[in-house]
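The values are calculated or read from the model by the stated rules, or taken from the named source; none is laboratory data. Fair warning: this is a prediction, and the values are worked out from it, not measured in the lab. Please note: Cβ atoms are built from the backbone with ideal geometry, for glycine as well, and neighbour counts cover all protein chains shown.
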Amino acid sequence: MKKVLVIKSAQESPWGSCKIISPNIQATYDLLAAAGDIELRSFGFYDKNIVDGLLNGEDNVAELADLLQAWKPDLVSFVDHLPLPNRVLNRISHYIPVKKIPPVLVHIYGDFTYFSDDWYKLTDQFKGHPIKFVVASAAQRRLVSFFLEEGHDQNYVRQYLFPVSEQDYFFDAGARDELRTQQEIPPDERVILYAGRVSLQKNVDLLIREFRRLSDESPAPLRLWIVGAFDDVGAIFMGAKNYEGFMYSKIQKLIASFPPELRSRITLWGQQDKGTLRRLKAAADVFVSLSLYHDEDYGMSPAEALACGLPAVLTDWGGYGSFAGGDWQCRLAPVDITEFGHRINVGKVREHVTASLGAKATPEDRQRWSTAFRTEFSVSGSARKLREILAEDVDPFLGFKWNLNYLSSIFWKEDRRSRFYYEYIGQKINTNFNPTSNSFYHDIYRNYISGASGAGTNNG
Amino acid sequence: MDKPKKKETEIVQWSYDLVQNAYLVKPEDTELNHDIYLNYLFPFCNNYFGPTNPMMIFGGHSVKDLPERPYITVRDGIVPLCILFRDLKPSAIKGQLFIHRDLWYTVPEDWREKVRFFDVEALKTYDAQNLPKRIFIAGALNSTLADPLEFEAQVKALAERLGKENLADIEIMAFFPNKRTDLWGAWEEENVLHYSRAIFEHLKVDVKTPEWHLIHSENNFKDCLYYEINAGTLVKDSYLTHFTLSRGGGLLAPVPDAIDAHFKRTSSVGLSLYHQMNLYELDFDKVTPYCDPLKGENFRYYKKLIEAANQKKKFNYKWEKWLATYLKRFFKESRHGALD
């Protein structure tokens, strides 16, 4: 039986979705261990500078090195996005020669591009070492592979999704009726739901504008529920960080421009706990996200919506592409990258939303779609896939290409320069990394477009 | 007539949002003093965005076309505000200035037409009858934001408002960056002990002290009371207030004041789902006559600055001179004639 040492963070992630993803991945490992597929131990890595991390701070790497030497695992698996594996492995190498470090498996998150500086450094010390990268979607596999040196097998980067908790997300027919009654929603009224951060690259403003167009066309009255905290992360790769409160002002200004009756049909729910989220997803009729987020490697929120049997209309972007095509309801709207910026086929968005709402799903339909999705995407449903990946041999890592170093120089320069950067200097566009065709951005992020929506992908 | 055809595609270009967030600019010839000043007030002076153009007049950068804007919200504290009123003619600004309501008494007579007032209101408020689950208490360990004695009085006041016996069950998180450079000229190492003792004695010993990056990555302050110890000497409208309230935090329930009757609320501006900025006009005829704070006895902070300047003239004179001359960059007129 393979001995697997899971390294997780001893601290809670500052990133909302990672607070959900990491425990769910760990739950899958636990499930495999309980079934006798692997022998499992886990280690909570503590790093005082876990986020800033510019200098090595206080950590418990000596303890980890002792455990590695005493227990001798066959595989070391990193299941959190932080601490960064490169930093941990580097520190372990102060105690154990690299050759004696067991094969490594890394679950890569969406912040791969953001932490490109750290990932690039992996090449120096660990070229030739057995390392397996596991990503959550086909899009992220294309993106990470884009940065790998020639010579890696085409299946070198493996795909294993971020599982959804079946205890937390399922179709709750009772909650649907209860919440709709409480919110005084007549049976013929349809609810469009967006759940996730209200952030610049999530394009919630575009969704609100499309809601207006849909309301003009729809025979049934529509509502729009927006659930999630506002954030002002902006588009950091291009040097655009919003000031605190910008997104709220932007969305409020847009809604204020609508006629009062339409305004009353838009509800901003703010951040909600998972119980309320499940109820909202049960009560809604379609989930829509027009995100073009640069870290959209998976899409935990749409996955949870689909687990609740909710039909989804998503942009063909990043991990969203992985949700199309099963025995549930997920439609993709085409996206491409033009010389003027991203282009979303909003006509298709409206068409898909109209089709999703027109189908008038029964509770039985919702239950069936939920079951089908959860069979594949839940902790227990996805365990088989993880078992296969863990059983495989680990090929040597041949290094990252120069272009990852170039990407790291962009992020380093524009975002991580200093905590005072935006307060002092203000906003400056990084012209080398704007979302336009024939740019470095395009070279990287064309990998986020699957083409499964049936449109040209402008993959050039 | 046919209806206009619906748009089939939309271009998303975030550069336009970046432009809107770029209204604060830093002059290329900025002095080192700006960096020192901002470092000193970080993170309380950090920028936030709002419909009323909030800005720090002395924040090291300026709003584009500042004198032309219809309104500006001045976040600065008493000292910079007094220097602004002292050294600028009202005609230097075309629009209206919003200043914090607590600073109403700093407005000279010739500025009264131009000045309106604001305060920040949280949707959620707390007191002994409605306790929070968590308290986030913040300030800076230096006598510019609060003297040790003032600091202790503020901490004690918080304990009294909530009931000391209730604090055992409330989680307390504190953030007090240690700003060793003291604009008043004197920093005493033992102050750290004075401040710490006040927190432990009047609140409790079990206080969490996370680092800034962890606080800044926190996105949920639900059921949390934000309490800032800040005399408002240099920055009155603090970034941390908006940061915390935007994420669901609340404030202490306001205590009615006699001056309230003379303020007329004219409108409110939402700043997040959980807090708003209220805008007011003040009936100046019904309040205490204006007394020049730069000369008067009632303005203790400015007086303190002057007193400190007399003792350590070089250091403090530099700051006052800098604050005053800084205005020259952005305003064409001053009380002393054309500035440029």
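Here are the numbers:
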| read-out | value |
| --- | --- |
| Filtered residues of region B:21-63 (kept if under 26 Å from A:LEU292 (Cβ atoms), at the interface with chain A (Cβ under 7 Å from one of its Cβ atoms) and modelled with pLDDT under 85) | B:ASN21, B:ALA22 |
| Region A:249-269 - residue that is assigned to a helix (DSSP H, G or I) and without any contact (Cβ under 8 Å) to a residue 40 or more places away in the chain and, of those, farthest from the other protein chains (Cβ to nearest Cβ) | A:GLU261 |
| Flag if B:THR73 is touching a Ser or Thr at 6+ places or on another chain (Cβ under 6 Å), under 23 Å from B:SER272 (Cβ atoms) and at pLDDT 80 or above | yes |
| Single match in A:ALA305, A:ALA283 (criterion: within 13 Å of A:GLY196 (Cα to Cα) and touching a helix residue (DSSP H, G or I) at 6+ places or on another chain (Cβ under 7 Å)) | A:ALA305 |
| Yes/no for A:ALA307 being among the hydrophobic types (A, V, I, L, M, F, W, C), touching a residue at least 12 places away in the same chain (Cβ under 8 Å) and in contact with a Ser or Thr (Cβ under 8 Å, 6 or more places away or on another chain) | yes |
| Which numbered condition A:VAL198 misses (of (1) closer than 19 Å to A:GLY299 by Cβ; (2) at pLDDT below 95; (3) surrounded by 21 or more Cβ atoms within 10 Å (Cβ to Cβ)) | (2) |
| Qualifying residue in region B:261-268 (condition: more than 30 Å from A:ALA256 (Cα to Cα), outside the structural domain of B:THR106 (by TED's automatic domain parsing) and surrounded by 15 or more Cβ atoms within 10 Å (Cβ to Cβ)) | yes |
| Residue check, A:ILE236 at pLDDT 95 or above and within 13 Å of another protein chain (Cβ to nearest Cβ) | no |
| Check on A:LEU64, modelled with pLDDT under 95, among the aliphatic types (A, V, I, L, M), assigned to a loop (DSSP other than H, G, I, E, B) and in the same structural domain as A:GLU388 (by TED's automatic domain parsing) | no |
| Region B:212-257: number of residues that are within 8 Å of another protein chain (Cβ to nearest Cβ) and either touching a Ser or Thr at 6+ places or on another chain (Cβ under 7 Å) or among the polar types (S, T, N, Q) (or both) | 4 |
| Test for B:LEU123: is it out of contact with any strand residue (DSSP E or B) (no Cβ under 6 Å at 6 or more places or on another chain) and surrounded by fewer than 22 Cβ atoms within 10 Å (Cβ to Cβ) | yes |
| Region A:320-369 - residue that is in a loop (DSSP other than H, G, I, E, B) and either among the aliphatic types (A, V, I, L, M) or within 12 Å of another protein chain (Cβ to nearest Cβ) (or both) and, of those, surrounded by the most Cβ atoms within 10 Å (Cβ to Cβ) | A:PRO334 |
| A:ILE192 being part of a strand (DSSP E or B), more than 14 Å from every other protein chain (Cβ to nearest Cβ) and buried (at least 17 other Cβ atoms within 10 Å of the Cβ) | yes |
| Unmet requirement for B:ASP182, which otherwise passes all of (1) under 20 Å from the mean Cα position of the chain (by Cα); (2) modelled with pLDDT of 95 or more | (2) |
| Hey, B:LEU225 more than 15 Å from the chain's Cα centre (by Cα), crowded, with 23+ Cβ neighbours inside 10 Å and in a strand (DSSP E or B) or not | yes |
